[in-house]
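Taking it in order: structure first as structure tokens, then the write-up.
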Amino acid sequence: MNLEEIKDLIKLVSKSGIGKIEIESEGFKIAIKNASAVNEQPVFVQAAAPMALPQVAAPAPAAAPATPAAPVESNDEAKYITIKSPMIGTFYRTPSPDKDAFVSVGSVIQAGDKLCIIEAMKTFNEIESEVSGKIVKVLVDNASPVDYDQPLFLVDPA
């Protein structure tokens with residue numbers, strides 16, 4: 001292998017992003033390492049859903065959180081307001097494992113009351129109610145993953 005072939009091989013390794021190449025032939029051995037490819041660790045990025053900041057954000061229109069769930073199971077549920085998850089994460093009904101739930105079936109809530117916590121990227125986000133009424137049904141189990149816009153609670157506004 002001559003000097004020009006080695007230079008071409010180095011260019012090939014740097015352009016292709018190969019981390020390391022070793023060639024051995026008839027008493028000749030060469031190892032070429034691409035420093036940028038070897039030193040870089042894979043980076044994993046998780047896109048975050050838009051997060052509502054209840055303590056800072058302006059009140060949203062009542063129609064947005066008050067829309068009924070898409071699959072209406074019965075006519076009785078059509079009169080209820082569905083509170084949906086504002087983000088992707090893990091749903092918690094309690095502030096800590098040894099505490100009582102923020103709300104339960106039958107709890108009367110006011111706008112601004114804390115309903116649950118959703119953990120997203122190691123951040124615990126307290127979810128506040130934007131409606132007043134009575135909790136009719138909790139639709140998610142404690143410590144379960146939730147998706148953006150997933151129904152969490154049914155509320156009777158009457």
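Read-outs: derived from the displayed coordinates by stated rules, not from any lab. Note that the structure is a prediction, hence the values are computed from the model and not measured. FYI the Cβ positions are ideal-geometry reconstructions off the backbone, even for glycines, and counts take in every protein chain you see.
Take each of the peptides 126-135, 84-93, average the number of other beta-carbon atoms within 10 Å over its residues, and list them starting from the highest. Before the final figure, lay out the partial values.
Details: 126-135: 18.9, 84-93: 20.5.
Per-residue Cβ counts within 10 Å, averaged per peptide and sorted highest first, yield 84-93, 126-135.
Counting other beta carbons within 10 Å of each residue's own, what order do Phe124, Phe102 fall into, fewest first?
Ranking Phe124, Phe102 by Cβ neighbours within 10 Å, fewest first, gives Phe124, Phe102.
Quote to one decimal, in nm, the extra length available between Ala78 and Lys114 on full extension: 0.36 nm per residue of separation minus the C-alpha distance between them. Intermediate results must be reported in sequence, preceding the final value.
Values: separation 36, 0.36 × 36 = 12.96 nm, distance 2.40 nm.
Value of the extension gain: 10.6 nm.
What does the charge count around Pro157 come to, taking other residues whose C-beta lies under 11 Å from its C-beta (Lys +1, Arg +1, Asp -1, Glu -1)?
Numbers: positive: Lys79, Lys134; negative: Asp156.
Value of the local net charge: +1.
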